[in-house]
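Laboratory data are not the source of any read-out in this text; all were calculated from the coordinates shown. The structure presented is a predicted model; accordingly, all values stated were derived computationally and were not measured. Neighbour counts run over all protein chains shown; Cβ positions are idealised from the backbone, glycine included.
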Amino acid sequence: MSSLDWWVIGVYFLGLALVVWWSSRQQQTAADYFLAGRNVGWFAIGGSLFASNIGSEHIVGLAGSGAASGMAMAHWEMHAWIMLMLGWIFVPFYYRAGVFTMPEFLEKRFNSEVRWILSLVSLVAYVFTKVSVTVYAGALVFQTLLPDMELTLLGTVWGPFWIGAFATVILTGVYTVFGGFRAVLYTDAVQAILLLVGSVSITWIGLQSLGGWDVLVEMARERSDELALWRPLVVEGSDIPWWKNGDFPWLGILIASPIIGIWYWCTDQYIVQRTLAAKNLTMARRGAIWGSFLKVWPVLIFLLPGIIGWALHQKGIIHIPMKSQGGTAMDIDGDQVFATMVIQLLPAGLRGLVVGGLLAALMSSLSSLFNSCATLFTVDIYEKVFPDRSERHLVGVGRVATTVIVLLGMCWIPVMYRISDGGIYQYLQSVQGYLAPPITAVFLLGLFWSRVNANGAKWGLIVGFVLGMAKLAIQAQFSTLDESKQAAPAILAAIGDLNFLYASGCLFLLSIAVVVLASLITDRPDVASLKGLTFSHLDHQEIRSTAEKVDYGLTAVTLALVIGMYLYFSFWLR
């Protein structure tokens with residue numbers, strides 16, 4: 001890192017500090033702190049949706065996945081069409097309900113019991129998946145960029161991994177605590193631009209260093225089976241049955257990817273909170289559509305650099321650390337690919353810009369997560385236990401809750417230090433594959449079938465969550481494919497071996513069955529209570545009147561880009 005690089009990073013953090021200072025002066029009510037006063041425009045909303053999603057675990061993890069498994073993870077990165085569902089289908093329900101959180105919406109649709117269950121499940125999931133994985137990925141970046149950094153504190157020598165992890169968590173926590181959701185939104189909008197510029201640069205320079213797109217495609221064809229977008233149900237030459245195949249079989253992708261996508265983009269507080277901060281329904285929808293347009297590009301600027309990095313490594317242009325000595329192309333440490341390309345390819349100044357982008361990715365994801373956790377705790381738990389507290393008091397509680405989340409994230413870092421086999425992005429998707437099905441089932445059935453009642457929603461969430469966590473625990477201990485795990489009893493080993501994509505589909509069907517059965521054996525919900533909360537009780541004419549021509553046009557462009565990308569990468573190695 002040259003002095004120019006540090007100057008670029010310094011200017012970025014100075015701008016960040018100014019935004020936080022300005023935002024901290026705007027926090028008077030709970031709506032100010034948690035939803036930026038519900039007065040945000042579509043550009044900031046879309047940018048925040050994109051920046052919050054594209055965290056350091058995306059940049060680091062996607063590049064690693066590209067190097068190790070090619071386009072397998074691209075299906076999750078082409079979820080722009082699901083973001084359009086958020087804008088056109090889900091946002092009208094949420095915005096008309098006037099809620100702060102997704103659990104609060106479920107209380108209006110069902111009852112307070114369902115609200116409590118979703119709040120607790122969401123908080124647990126956030127702390128032990130998103131916070132830890134994001135911090136871990138950011139620490140890996142520091143370890144590669146500043147390998148010689150050391151700090152002696154309390155008699156212990158701390159290396160770049162821990163310095164980077166703790167520094168970014170603390171800095172992000174500070175600006176989230178003081179700046180509130182307004183700081184999160186506006187810094188995210190700037191960070192989205194920084195992410196795009198930095199990642200486009202590394203992709204372009206990487207391709208030029210390799211010799212162009214044709215050279216990349218030619219080299220990739222040598223590993224076409226490993227890098228293809230669509231994978232067979234059974235690996236050729238393997239005796240592993242189809243339901244144990246862990247190489248992203250096409251049927252599993254078709255089943256699990258939409259389930260996880262709808263949960264993440266359309267029902268998760270972490271994402272949906274941005275649209276709830278809009279000035280009106282038109283801005284909320286357009287923000288989601290603008291975010292979906294931005295979401296089209298991660299495959300090209302985050303995942304492809306991993307494949308480019310692998311090709312550069314094969315030609316000896318850069319050197320990527322290996323997981324083991326004397327390993328093959330598949331043994332390179334994928335999670336080190338992006339940072340290695342930054343260090344070994346980019347010139348001074350631009351290197352600082354891309355590092356700033358990596359820091360922006362880490363901090364935008366963490367800030368969004370910290371604020372969403374604070375909102376869930378304050379609005380869905382604290383305010384229910386201690387009603388009639390002043391707006392200023394609730395803002396104070398939100399800041400304390402954010403601080404606690406920061407501390408919990410720091411405590412969980414040592415555990416995440418051990419999680420790297422298979423890549424952090426694949427780990428994240430597999431865990432989400434067990435959390436998403438019951439929540440997706442409850443929201444879809446609750447919005448589109450008026451017969452679903454609170455009893456069905458409650459038991460669907462409970463049973464689905466328990467079964468998902470049971471699958472996660474079983475696969476950690478039992479398997480016939482991993483010699484380090486137990487192969488008996490056979491039934492547990494079979495459950496452990498079941499591909500997470502198929503397991504996600506099974507959990508989704510079981511959750512639907514529980515919701516439907518529990519609803520049908522109890523009373524119908526009161527029709528009067530469903531106004532504006534289900535598809536058949538929504539004023540569709542009023543909703544359509546809030547859409548403008550630009551919304552339809554940008555939607556059409558986004559869909560065309562998604563379809564075009566799917567068509568190209570389905571055949572690019574043939």
Around Val234, with a cut-off of 11 angstrom between Cβ atoms, what is the net charge of the other residues, counting Lys and Arg +1 and Asp and Glu -1?
-> -1
Setting aside same-chain residues fewer than 8 positions from Lys108, which aspartates and glutamates have a Cα under 13 Å from its Cα?
-> Asp380, Asp526
Derived scalar couplings ³J(HN,Hα) [the range 558-574; Karplus, 6.51 cos²θ - 1.76 cosθ + 1.60; whole Hz; x for Gly, Pro] = 4, 4, 5, 5, 5, 4, x, 5, 4, 5, 5, 6, 6, 10, 5, 9, 9
Taking the Cα-to-Cβ direction at Arg574 and at Leu530 and moving 7 Å from each Cα, how far apart do the two end points lie in nm?
-> 4.6
Expressed in angstrom and rounded, the centroid-to-centroid distance over alpha carbons for the range 60-98 and the range 483-539 is 21
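On full extension of the chain, what length is gained from Val124 through Trp230, given 0.36 nm per residue of separation minus the C-alpha to C-alpha distance? Walk me through the numbers on the way to the answer.
Working: separation 106, 0.36 × 106 = 38.16 nm, distance 3.32 nm.
My answer for the length gained is 34.8 nm.
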With a Förster radius of 35 Å, plug the Cβ-Cβ distance of Tyr552 and Trp204 into 1/(1 + (r/R0)^6) and report the FRET value to the nearest 0.05.
-> 0.60
Pseudo-spin-label distance Val217 to Cys411, built 7 Å along Cα→Cβ, given in nm, is 5.3
Translational diffusion of the range 459-513, µm² s⁻¹ [Kirkwood Rh, Cα pairs; Stokes-Einstein; 25 °C; 0.890 mPa s] | 214
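Which of Ser292, Ser450 has the fewest other C-beta atoms within 10 Å, and how do the rest follow up to the most? Present the calculation step by step, with values, prior to reporting the outcome.
On the way: Ser292 29, Ser450 17.
The order, fewest Cβ neighbours first, is Ser450, Ser292.
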Burial order of peptide ranges 381-390, 277-286, 490-499 (average beta-carbon count within 10 Å, highest first) = 277-286, 490-499, 381-390
From the cross-link list Lys244/Lys315; Lys295/Lys531; Lys244/Lys458; Lys130/Lys458, the entries with a Cα-Cα span beyond 29 Å are Lys244/Lys315; Lys295/Lys531; Lys244/Lys458
List, in order, the whole-Hz ³J(HN,Hα) value for each residue of the range 287-303 obtained from phi through the Karplus relation with A = 6.51, B = -1.76, C = 1.60 and θ = phi - 60°; use x for Gly and Pro.
-> x, 5, 5, 4, x, 5, 5, 5, 5, 5, 8, x, 4, 7, 10, 10, 7
Neighbourhood net charge (12 Å Cβ-Cβ; Lys/Arg +1, Asp/Glu -1) for Gly70 | -1
